[in-house]
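What follows is a single structure, written as structure tokens, with notes after it.
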Amino acid sequence: MLAPAAAVFAVLFVAPFAFLFVVSFWRVKTFKLRPDFTFDNYADTFTKYLEPLVFTMAIGFAIATLTTALAFAFAYVIRFKAGRHGNALLVVTLVTLFGGYLVKIYAWKTILGTEGILNSALLALGLVREPLTIFIYNPGAVVVTLTHFLLPLAVLPIYGSLRGVRDITLEAARDLGARPARVFLDVVLPQCLPGVTAAFAFCFLIAAGDYVTPRYVGGPYTSMIGNFIEGQFSLKFDWPSGAAMAFTMLGACLACVAVSRALLGLARPR
Amino acid sequence: MAADAKRPDGGRTPLVQLRGLTKSFGPVVAVRPLDLDIYAGDFFALLGPSGCGKTTLLRMIGGFTEPSGGTIAIDGVDVTRLGPEKRPTNMVFQGYGLFPHMTVRQNIGYGLRLARVAVAERAGRVERIMDLVRIAELAERRPDALSGGQAQRVALARALVMEPRVLLLDEPLAALDLKLRKQMQEELRRIHRQIGGTFVFVTHDQGEAMGLANRIAVMEAGSCVQEGGPEEIYRQPKTRFVSSFIGEANVLAGERRAGVVTLGAGAGFAEAGADGTVSVVVRPEDVRLDPGADAEIRLDGRLEDVVFLGPYTRYRVVLDSGEEVVVHAGDAAGQAVGERVAVGWRRDRQRLVQGS
């Protein structure tokens with residue numbers, strides 16, 4: 001029964017992945033791949049690209065934290081506070097998913113740009129005399145854009161896990177003497193931790209792996225590791241370096257997710 | 001059951017005093033202004049059909065539902081506006097409400113941890129309560145690995161370990177199958193005897209109320225229609241509703257004029273009271289087939305159905321008026337279905353209630 005699925009998985013995922021992994025130890029000579037077994041590509045990654053790698057992890061972490069926190073607040077309101085309006089809020093969340101990724105990037109360009117809505121509004125209100133350039137072409141714009149894009153994707157798993165929290169367990173906690181903050185920490189949070197962890201990991205991996213958003217709203221000095229990997233493959237034809245950078249980043253991402261999970265796991269009851 | 005129906009404490013003040021307590025959900029009145037006293041040591045049942053407001057009443061005592069009016073005092077302290085975390089009550093929820101991310105031991109110890117009870121004392125109390133409700137071997141399990149009966153016991157232990165002044169139980173046995181229910185009833189009685197607290201529980205099952213409680217409040221449409229010991233409620237129902245809700249009852253329509261009651265089915269007797277329609281309520285076990293001379297009330301009818309039920313035989317008689325009378329008799333008298341029979345009972349076995 002599993003054979004067809006396994007075959008598809010092997011051909012479409014395992015094989016290219018394995019090939020790229022092997023290539024990461026090869027060399028390029030006169031634009032041709034030469035099989036080899038060298039760690040130079042990995043060494044180069046750490047010497048030449050350590051800074052963008054760290055920057056990528058940091059900005060990914062910031063975006064994932066911000067998005068998860070906002071998504072949690074939103075999902076919490078839908079689940080516990082909005083009553084029968086909760087479903088309407090959920091639909092609104094889902095509707096924003098229909099707007100594509102690039103559409104959202106361009107939307108933020110038109111909002112944050114020098115000729116954008118934000119500056120027009122500030123000029124019209126007389127708050128500034130000439131357009132501000134601080135809104136766009138910096139890491140902040142990348143954070144805003146990616147957070148906006150990822151928010152509905154984070155709301156869904158968190159809302160799903162919050163729905164699994166039964167009201168009666170909250171009442172039971174209050175009955176046993178828990179004040180609202182304790183109910184939240186001891187009963188709500190531990191029960192929805194799987195959803196929160198999933199949302200965080202999801203946001204982090206997508207944000208850290210992105211290279212389109214920084215190109216359009218990040219400006220010339222906000223290059224994430226994805227931009228450099230893309231350059232290795234498309235401009236320099238240096239597949240081995242690109243592959244080594246990609247696997248280094250993959251390892252770094254998994255390490256970050258593992259650390260986050262461990263930190264969140266501290267919220268479990270003693 | 002009826003033996004300990006007396007008030008456990010003569011004239012002392014009630015532990016729980018409800019005064020004019022009422023609750024409306026928008027235009028829907030769930031509980032009409034209601035007064036109720038529950039005394040220390042009582043095993044108190046709030047009994048009524050679904051939708052009668054009994055669970056709302058229990059939730060108001062526990063602090064989960066805010067009353068629309070009236071007051072709740074526990075131990076002489078007005079707790080009407082206090083949340084459940086500040087009341088000396090603990091609740092066993094109908095769906096148990098166990099914390100799925102904690103083990104049984106953590107579930108039971110949670111309240112003590114919040115109360116900052118020292119670790120060693122906490123462990124001892126959790127251990128003792130687990131022994132009391134017989135779940136010691138389940139200590140390290142998670143709630144999703146428990147059966148319904150086990151989860152019930154854990155929920156009970158989690159509330160009892162707090163040593164509440166009043167233990168509230170919302171349909172505590174409703175989710176269990178019949179055999180387990182009987183067993184848990186005995187357990188609850190044993191635990192109540194052993195720790196001697198005050199238990200208040202909600203049930204729609206009159207058998208459960210009779211089997212557990214020493215005081216029963218029967219509720220109908222948001223009001224408490226009768227409150228008393230099980231025997232009193234069974235023997236002297238105040239309304240037709242109470243008589244038919246508690247046990248099986250024959251209810252016959254009649255009319256009273258100038259102190260004489262005439263039944264639609266034929267018989268009549270003198271009993272002082274206001275003129276108007278009345279109902280005569282008589283229990284099946286108090287009605288005789290072919291009654292002897294001591295039966296003041298006698299009616300004629302046709303035997304419609306005979307069912308042998310072991311301890312007694314159930315006869316269904318259709319009177320000439322078209323009304324039905326059910327008779328429970330210990331010895332099969334040999335009448336055949338379709339025969340004309342007489343039924344009768346002593347006047348002191350019947351109850352007269354106003355209205356139809």
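Rounded to the nearest 5, the antiparallel percentage of DSSP beta bridges internal to region B:2-241 is 55%.
Please give the calculated 222 nm ellipticity per residue for chain B, where each DSSP H segment of at least 4 residues contributes -39500 (n - 2.57) and the sum is spread over every residue; nearest 500 deg cm²/dmol?
Working: 8 runs with 84 residues, N = 356.
It comes out at -7000 deg cm²/dmol, rounded to the nearest 500.
At an R0 of 45 angstrom, the distance between the Cβ atoms of A:K32 and A:A107 translates into a FRET efficiency of 0.60. Can you work out the FRET efficiency for the pair A:V212 and B:R141, with r the C-beta to C-beta distance and R0 = 45 Å, to the nearest 0.05? Step by step, r from the Cβ atoms, then E = 0.35. Under 20 Å from a point 7 Å along the Cα-to-Cβ line of A:T96: which residues of region A:52-81 have their amide N that close? Residues A:60-81 fall inside that zone.
Once you average over the residues of B:89-99, how many Cβ atoms of partner chains fall within 10 Å of each Cβ? Spell out each step's value before the answer.
Numbers: counts 1, 4, 6, 2, 6, 1, 5, 4, 10, 4, 10.
If you average over the peptide's residues, the count of other-chain Cβ atoms is 5.
Loop-located trypsin sites (Lys or Arg not before Pro) across region B:12-67 with a Cβ neighbour count of 11 or fewer within 10 Å are B:R12, with loop assigned by DSSP. The label point for A:E130 and the one for A:D44, both projected 7 Å from the Cα toward the Cβ, are 4.3 nm apart. If you plug the beta carbon distance of A:T65 and B:D35 into 1/(1 + (r/R0)^6) with R0 = 45 Å, you get a FRET efficiency near 0.20. Among complete DSSP H helices in chain A, those whose alpha-carbon atoms stretch at least 15 Å along the helix's long axis and whose mean Kyte-Doolittle hydropathy reaches -0.5 are A:50-76, A:101-112, A:139-163, A:189-209, A:239-265. The modelled label-to-label distance between B:Q354 and B:D205, using points 7 Å beyond Cα along the C-beta direction, is 3.6 nm. Shape summary of the protein assembly as shown, radius of gyration then Dmax from alpha carbon positions: 36.8, 124 Å.
Grab the other residues whose beta carbon is less than 14 angstrom from that of A:A88, score K and R as +1, D and E as -1, and report the net. The partial results should precede the final answer.
Details: positive: A:R79, A:K81, A:R84; negative: none.
Net charge around A:A88: +3.
Only lysines eight or more places from A:K236 in sequence, or on another chain, were considered; those with a Cα closer than 17 Å are A:K29, A:K32, A:K48. When every Cα-Cα distance of region A:178-270 is counted in 5 angstrom steps from zero, the calculated P(r) takes the values 2, 12, 16, 16, 14, 11, 9, 8, 6, 4, 2, 1, 0 percent.
Based on DSSP H runs of at least 4 residues, each adding -39500 (n - 2.57), what is the mean residue ellipticity at 222 nm of chain A after dividing by all its residues, to the nearest 500 deg cm²/dmol?
-21500 deg cm²/dmol
Taking the longest Cα principal axis of chain B as reference, the axis of helix B:178-195 is set at about 60 degrees. Over region B:2-241, the pair-distance histogram of Cα-Cα distances with 10 Å bins from zero comes to 8, 32, 36, 20, 4, 0 percent, rounded to whole numbers.
We did not get these values from a lab; they are worked out from the coordinates using the rules stated. Here the structure is a predicted model, which is why all the values come from computation and not from measurement. Using ideal geometry, Cβ is built from the backbone for each residue, glycine included, and neighbour counts are taken over all protein chains shown.
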